[in-house]
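The values are calculated or read from the model by the stated rules, or taken from the named source; none is laboratory data. Worth saying up front: this structure is predicted, and the values here are computed from it rather than measured. As a convention, Cβ positions derive from the backbone with ideal geometry for all residues, glycine included, and neighbour counts pool all protein chains shown. Each accessible area value is taken on the protein alone, full model and side chains, heavy atoms only, with ligands, DNA and RNA left out. Shrake-Rupley method; radii C 1.70, N 1.55, O 1.52, S 1.80 Å.
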Number of protein chains: 2
Amino acid sequence: MTDTVKYVLPEDRIPKTWYNILADLPEPPPPVLHPGTGQPIGPDDLAPLFPMALIGQEVSMDREIEIPEPVREIYRQWRPSPLYRARRLEQALDTPAKIYYKYEGVSPTGSHKPNTAVAQAFYNMDAGVKRITTETGAGQWGSSLAFAGSIFGLEIDVYMVKVSFQQKPYRKALMEAFGARCVASPSEETESGRAILKETPDSTGSLGIAISEAVEMAAQRDDTKYALGSVLNHVLTHQTVVGQEAIEQMNMAGNYPDILVGCTGGGSNFAGLVNPFLGEQLRGGPKVRVVAVEPAACPSLTRGKYAYDFGDTGHLTPLVKMHTLGSTFVPPGFHAGGLRYHGMAPMVSHIHELGLIEARAYEQTECFAAGVQFARAEGIVPAPEATHAVKGAIDEALKCKEAGTGRTILFNLCGHGHFDMQAYTDYFAGKLTDQHYDESELAMALAGLPSVAAAAE
Amino acid sequence: MTDTVKYVLPEDRIPKTWYNILADLPEPPPPVLHPGTGQPIGPDDLAPLFPMALIGQEVSMDREIEIPEPVREIYRQWRPSPLYRARRLEQALDTPAKIYYKYEGVSPTGSHKPNTAVAQAFYNMDAGVKRITTETGAGQWGSSLAFAGSIFGLEIDVYMVKVSFQQKPYRKALMEAFGARCVASPSEETESGRAILKETPDSTGSLGIAISEAVEMAAQRDDTKYALGSVLNHVLTHQTVVGQEAIEQMNMAGNYPDILVGCTGGGSNFAGLVNPFLGEQLRGGPKVRVVAVEPAACPSLTRGKYAYDFGDTGHLTPLVKMHTLGSTFVPPGFHAGGLRYHGMAPMVSHIHELGLIEARAYEQTECFAAGVQFARAEGIVPAPEATHAVKGAIDEALKCKEAGTGRTILFNLCGHGHFDMQAYTDYFAGKLTDQHYDESELAMALAGLPSVAAAAE
């Protein structure tokens, strides 16, 4: 038994601004293109989908973006989130490394997602929007937007990837508890959904498909906008409250990370933690090694192509340059549903191309093993997504042990696994296996990347 | 949208002692009796089941019991827990009442149970115990002891009431994630279990049965003790960290409760909140009205008899004087599994007899309706048990509205509902109905109260 080491900030240390790393990068990311013209899009192209305040943030080059006071007020329900030193895990690993983790599972829905859900709901409410449509994978985002919608009095319609809808019925109940509507995707409600179901009646869905459905519904009604839980610049920027708090908390600990680890699906929890540290480095501060951990079954950073692609399967979105497996790539139905996206946030992709981060892929069984080891040492059961970061941190700590060096590791424990216990049940029963995509399907998806992209490159 | 009002204490305000209300009551509770002799039992009678430190606390009349530093260290992982003002709920109810809630869902297992689980595991570890057996209803206690066991290196065997085992598979997975073993009760592992199964092969179990199984297993091995998650004096005393923190937080709020509300099953979360406030009152401080809310399907305080009874169905425990429905009473399988116990903590029963608290029973559908109203206002989905306290608080707030009086209400939100979303799913689908016991079965259970009790009374 070892002492608990927790670093708690007072409420007035909730950040007053979000940090936009674009201001500090040596070069801007490639522009977002209109799929028809191949030309950079402007704010007006996005206006049917997003309120103007968020569009402004999407294209902003300002380093600091003020957090509206009503958003900070809601953040106060669970923020500042705690940062722990994983002393009992260190002991179990017998490593000289110091392992810290920032814990976002204390939010009302148990993950980092409300950090941006509350902000997006606020700006939509402020712009007079009545209804928001969105997609969700594992359900963390959908339930977070449902929570935020209930606070700001907005209707929320969630298209949930069918395989997760079936695996995680509790997430649907959580969304309904907050008053939202949750539909399995692909659905019969949209053109995109019907087209998929016609071709593949037993489709288990994907984030790309669910995005198409949500975008289509939002585009049809004036009082309805669309919200995305990751990938976009403004979403990643909202998450930087995580890393900004972590910097202060590492200061309290009298320590600074040598290595940062985060899991990556769309990229927002990862960027939320690492961008503020990378910002310090870019402005002449200490250098950090940054490791992005992704699932081997959906490895956009390690196996994808850095190219222009659609954000969705139905090709309703603009073209963004990102690490992508191809918008038609449907990842197998592994449990970390929040990491089942064919692309990577353009901002994270750009940072990767600039050489600021490295990437690594793990199979799901080794991640669950790491998750169980973490739970037994630290008393928190990680979400399947978060087990990827746990696995990455444990591997770094074991490397330190081998090398006899006491590095400081910080990772983002972006959510708890309370709604994902079926996955743990399957794991304990030996029913959970590693999932693999078909190489030829990946090759086909990559071959199908849009040609306008090639023209623009 | 209204501001979040949260009161957070610094870590050094985690209480240093537990509060034992027996020191302040005008008279001591009736003694615990040996079922064979009808005579008061002594520490030696309990020694096969509990480490001596806990037996000492069970019979202590000291007002303050020091919390060992290793226990406070583990408390620091989530304590002090937050106290919120439910401003958005007040607005939704349009009440002049001020509603506050203490939130224990921030613990690693999402309820108040780790407050005593950590203490009990510590004392057992300290006494050289290797294994602890216990029962669990909804699984909140079992998973909490599993968590505590993983921290102090103890084996944990949990007998889980079968109906909950089937309704809440995620709780079992959580226990296993912490390395514990979880068995559906009645089981084939014990004499008591086999006897029940022989008579009622399709028995859905009860806390009384599960207690028999756990006690039986503990009594058989020298390295094994038993732990109970509620009912006993020392368990209730451990929970007083909740109320002690709440008193300080109400001071921070510049307010003091007129009305306290808690849900009651075994009585520990209720006593944990209210005992410290009652202590203030008993020592000449402000008077509070205290409302205990119990399920109409298992109404020990409102329909039970205050009499000597066994704590378990198999009649392996000593006799305690409490409000009881009879140890053979098997409540219907409603969702608030943590409230499905035939008796009430002797300490709470005694306080009730002294006229310090009042009791009230609610049906489960009205409690779920209150839980959903709370979730949509406050962003936290309450555990089914906690919805009873929510319902009680809402009703008090509505009475204030009717009377036009702005009373201050404080209730204990003892846990979140993340592991109970199936109940919400059923509620939304209209499948959740109120459950009723058979009056003749209750009469029979009451008629079967042990005769030795009558002799001693």
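Worth pointing out:
- Exclusive hit being under 16 Å from the mean Cα position of the chain (by Cα) and among the aliphatic types (A, V, I, L, M), set B:Ala369, B:Ala397, B:Ala389, B:Ala429: B:Ala389
- Criterion: more than 20 Å from the chain's Cα centre (by Cα), crowded, with 16+ Cβ neighbours inside 10 Å and touching a residue at least 12 places away in the same chain (Cβ under 8 Å) - qualifying residue of A:Leu83, A:Leu25: A:Leu25
- Of all residues in the range B:410-435 being in a loop (DSSP other than H, G, I, E, B) and more than 14 Å from chain A (Cβ to nearest Cβ), the one that is surrounded by the most Cβ atoms within 10 Å (Cβ to Cβ): B:Cys414
- Within the range B:208-255, being within 30 Å of B:Ile196 (Cα to Cα), open to solvent by less than 20 Å² (accessible area, probe 1.4 Å) and not aliphatic (A, V, I, L, M) holds for B:Gly208, B:Ser212, B:Glu213, B:Thr224, B:Tyr226, B:Gly229, B:Ser230, B:His234.
- Checked against the criterion of being open to solvent by 60 Å² or more (accessible area, probe 1.4 Å) and in contact with a Cys (Cβ under 7 Å, 6 or more places away or on another chain), the candidates B:Arg407, B:Arg376 yield just one match: B:Arg407.
- Annotation note: Cβ proximity below 8 Å between a residue of the range B:35-47 that is within 16 Å of B:Arg221 (Cα to Cα) and a residue that is surrounded by 14 or more Cβ atoms within 10 Å (Cβ to Cβ) (sequence gap 6+ or interchain) occurs for B:Asp45/B:His34; B:Asp45/B:Pro318; B:Leu46/B:Ile55; B:Leu46/B:Glu58; B:Leu46/B:Pro318; B:Ala47/B:Ile55.
- First in the range A:395-410 and free of Cβ contacts under 8 Å to residues at least 60 places away in the same chain, second anywhere and assigned to a helix (DSSP H, G or I) and open to solvent by less than 40 Å² (accessible area, probe 1.4 Å), Cβ under 9 Å, 6 or more apart: A:Asp395/A:Ala370
- Note on the range A:153-177: residues that are more than 18 Å from the chain's Cα centre (by Cα), hydrophobic (A, V, I, L, M, F, W, C) and not in a helix (DSSP H, G or I) total 2.
- When we screen B:Lys168, B:Lys162, B:Lys198 for residues that are open to solvent by less than 10 Å² (accessible area, probe 1.4 Å) and basic (Lys, Arg), the only hit is B:Lys168.
- Single residue of the range A:146-156 satisfying the filter (within 12 Å of another protein chain (Cβ to nearest Cβ) and not aromatic (Phe, Trp, Tyr)) that is surrounded by the most Cβ atoms within 10 Å (Cβ to Cβ): A:Ala146
- Conditions (1) away from chain A (no Cβ under 14 Å); (2) at pLDDT 95 or above; (3) surrounded by fewer than 24 Cβ atoms within 10 Å (Cβ to Cβ): number failed by B:Ala456: (2)
- Matching residues, the range A:227-279, being β-branched (Val, Ile, Thr), in contact with a helix residue (DSSP H, G or I) (Cβ under 7 Å, 6 or more places away or on another chain) and under 30 Å from A:Thr133 (Cβ atoms): A:Val235, A:Thr237, A:Thr240, A:Val241, A:Val242, A:Thr264, A:Val274
Residue by residue, here is whether (1) of a type in the set (A, V, I, L, M); (2) modelled with pLDDT of 95 or more holds:
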site: A:Ser203; (1), (2): no, no
site: A:Ile209; (1), (2): yes, no
site: A:Ala214; (1), (2): yes, yes
site: A:Ala218; (1), (2): yes, yes
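- Subset of the range A:371-401 [at the interface with chain B (Cβ under 10 Å from one of its Cβ atoms), hydrophobic (A, V, I, L, M, F, W, C) and outside any helix (DSSP H, G or I)]: A:Ile380, A:Val381
- Among the residues of the range A:278-300, those identified as in a helix (DSSP H, G or I) and surrounded by fewer than 24 Cβ atoms within 10 Å (Cβ to Cβ) are A:Gly279, A:Glu280, A:Gln281, A:Leu282.
- Scan of the range A:162-201 for residues that are of a type in the set (Lys, Arg) and at pLDDT 90 or above, ordered by number: A:Lys162, A:Arg171, A:Lys172, A:Arg181, A:Arg194, A:Lys198
- Count of residues meeting criterion [away from every other protein chain (no Cβ under 12 Å), outside any loop (DSSP other than H, G, I, E, B) and out of contact with any Cys (no Cβ under 9 Å at 6 or more places or on another chain)] in the range B:135-144: 2
- Hits in the range B:408-423 (condition: closer than 17 Å to B:Gly139 by Cα and not aliphatic (A, V, I, L, M)): B:Cys414, B:Gly415, B:His416, B:Gly417, B:His418, B:Phe419, B:Asp420, B:Gln422
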